[in-house]
1. Of the conditions (1) assigned to a helix (DSSP H, G or I); (2) out of contact with any strand residue (DSSP E or B) (no Cβ under 8 Å at 6 or more places or on another chain); (3) within 24 Å of Ala104 (Cβ to Cβ), Glu225 clears all except one; give me its number.
2. Kindly provide the set of residues from region 137-155 that are crowded, with 17+ Cβ neighbours inside 10 Å and more than 21 Å from the chain's Cα centre (by Cα), ordered by number.
3. When Trp158 is evaluated against the numbered criteria (1) surrounded by 22 or more Cβ atoms within 10 Å (Cβ to Cβ); (2) assigned to a loop (DSSP other than H, G, I, E, B), which criterion, by number, is the only one it fails?
4. Report whether or not Phe181 is on the phi < 0 side of the Ramachandran plot, open to solvent by 30 Å² or more (accessible area, probe 1.4 Å), touching a residue at least 24 places away in the same chain (Cβ under 8 Å) and in contact with an Asp or Glu (Cβ under 9 Å, 6 or more places away or on another chain).
5. Residues to consider are Asp173, Asp230; find the one that is open to solvent by 80 Å² or more (accessible area, probe 1.4 Å), acidic (Asp, Glu) and more than 14 Å from the chain's Cα centre (by Cα).
6. Which members of region 8-25 meet the condition of being in contact with a strand residue (DSSP E or B) (Cβ under 9 Å, 6 or more places away or on another chain) and either part of a strand (DSSP E or B) or not β-branched (Val, Ile, Thr) (or both)?
7. Does region 130-166 hold any residues that are in contact with a strand residue (DSSP E or B) (Cβ under 9 Å, 6 or more places away or on another chain) and among the aliphatic types (A, V, I, L, M), and which are they?
Amino acid sequence: MTALLAAIPSPSTNVIHLGPFTVHVYGLCYAVAVIAAVAITRRRWAAHGGDPDLVSDVALWGFPAGIVGGRLYYLATTPGDSFDHWWGPFAVWHGGLGIWGGIALGTIVGIWRLRRAGVDVPRFLDAAAPALLVAQAIGRIGNYFNQELFGRPSGLPWAIEIDPAHRPARYADQATFHPTFLYELVWNLLLAAALVWLGHHRRIRPPGLFALYVGGYCAFRIVDELLRVDPAAHVLGVRWNLLLAVAGTVIGLAWFVATVRRTAPDER
């Protein structure tokens, strides 16, 4: 009883009714996340002398690509998922977007637009890195309303209370769990602030900040994946997402080291 009293309660609903319209909080969070990411990147890109309108053009292509990539990744790596209707695989408002696929396809399409515009891609990636983290943090609020992506059972004061309908079968008798989505939200905001600080106080060659974004985010996901209990594909008994997180950490940090060690001709 004490643990329940100290736990964070889950929302009673994940929708908002506005007259005849039903707004899913998960989708609303993604909309706010995109607006925030565009606003932050526009300001940072303009500070680098770039055209802020280019940010909106990249987002117009990159965001839909990210949704498609995130949904495809989720469907490919989440075993045992079934749908009641033919349109079930497309019902992203119920959740089910894999961040790995979303970032990958969104970034690929975004870089394609940047190359067509003929701009400095590494510098743009550095401008966008903190904004992407802020967007991901806002998106995790939607997971809170959907009561998903939580961790193992926990009696900590900040544990999240999960309704029986959303608990894994093996933890049906447990009421409170690690709020891993909250852990990630806090980490993303801290990492975004760190990247902004580094960009202002240290001379880091592009795309060093974006490389730190990749390595830093993936490093935390290692901790996150070790706590998570949601269904996921496994390879040799290990969560596939955990393997991706380890690989992303190594690649991101190696990319950062290679970037800062590489000296441009005008800097020699």
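1. (2) is the only condition that Glu225 fails.
2. Pro153, Ser154
3. It fails just one condition, (1).
4. The answer is no for Phe181.
5. Asp173
6. The answer is Ile8, Pro9, Ser10, Asn14, Val15, Ile16, His17, Thr22, Val23, His24.
7. Listed by number, the residues that qualify are Leu149, Leu156, Ala159, Ile160, Ile162.
Residues are listed down the side, and each one gets a yes or a no for (1) within 15 Å of Phe210 (Cβ to Cβ); (2) at pLDDT 95 or above; (3) open to solvent by 40 Å² or more (accessible area, probe 1.4 Å); (4) under 24 Å from the mean Cα position of the chain (by Cα):
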{"site": "Val238", "(1), (2), (3), (4)": "no, no, yes, yes"}
{"site": "Asn241", "(1), (2), (3), (4)": "no, no, no, yes"}
{"site": "Gly252", "(1), (2), (3), (4)": "yes, yes, no, yes"}
{"site": "Val257", "(1), (2), (3), (4)": "yes, yes, yes, yes"}
{"site": "Val260", "(1), (2), (3), (4)": "yes, no, yes, no"}
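The values are calculated or read from the model by the stated rules, or taken from the named source; none is laboratory data. The structure displayed is predicted, hence computed values, not measured ones. Cβ coordinates were reconstructed from backbone atoms using ideal geometry, including for glycine residues, and neighbour counts include every protein chain displayed. The area values use the complete protein model at the heavy-atom level, side chains included, leaving out ligands, DNA and RNA. Shrake-Rupley method; radii C 1.70, N 1.55, O 1.52, S 1.80 Å.
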